[in-house]
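Working notes, beginning with the structure itself.
The values are calculated or read from the model by the stated rules, or taken from the named source; none is laboratory data. This structure is a prediction, so every number in the text was calculated from the model and none was measured. Positions of Cβ are generated from backbone atoms using ideal geometry, with glycine treated the same way; all protein chains shown enter the neighbour counts.
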Amino acid sequence: MWQELRTRWYPLGLEVVTVALDVEASDARPFIEQAHAEHPSLIDEAHVTDELFGFVNVPNGVWIDEEGMIVRPSEPAHPGNNPFTESFRTIDLSTLPPDVADILREARKIKSDPDVYVTMVDDWIAHGRESRYALMPDEVIRRSEPRTSAEATAAAEFELGQYLHRDGDHAAAIPHWREAHRLYPDNWTYKRQAWNFEDPMRQGHTDAYAGSWYEDIRRIGAENYYPEIIP
């Protein structure tokens, strides 16, 4: 989907850069190759963009102008209707195993407006700094919010877990990733990355972690999974 938008936007002066947040590059590479992406398609094994831009979920995005200034900080960045995820809404849940049906039932409650982000970018391309969606520096700073001590410690714990995992000691990484989840419960990229190693298909409950995708989203309410975009 991002490639389709890039084809439309690039001649107008906007470049799309996608970043996959995966500790193992091999997990993301097939999707990038299948998309035949012509834009820069990066794989952030270290989750550095989490730290630099404040990404806490996917899809998140930032706007950077031609002078290298951030004009919109991290926020939900849906590239339009995704046929794959939309297909979940038509599946007969009675035909699925109960646990899978529960996950899909909860996923259907997630709120998002898939067209609003694209509309905002279109306006930015057309009007540049005069776009109502291009924010002034003080507003960018206000919306970015400073990182708390707990969030900074969570980043360190997650990074240490990555080092241990890559060094071949996955079991030793788990306590550090678990601590990152405790310190920064709103960071879904930390959670989903760790859950995916234990249960790639469902990110369900395991002995390794206190929560799971289904349990945690029910706890906060699926309607709160993506914050509302503020123009």
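Filtering region 180-192 for residues that are polar (S, T, N, Q) and free of Cβ contacts under 8 Å to residues at least 24 places away in the same chain leaves an empty set. For S112, the requirement of being outside any helix (DSSP H, G or I), at pLDDT 90 or above and either within 14 Å of the chain's Cα centre (by Cα) or surrounded by 12 or more Cβ atoms within 10 Å (Cβ to Cβ) (or both) is not met. When I103 is tested against (1) touching a residue at least 12 places away in the same chain (Cβ under 8 Å); (2) closer than 30 Å to F197 by Cα; (3) in contact with a strand residue (DSSP E or B) (Cβ under 9 Å, 6 or more places away or on another chain); (4) not small (G, A, S), only condition (3) is not met.
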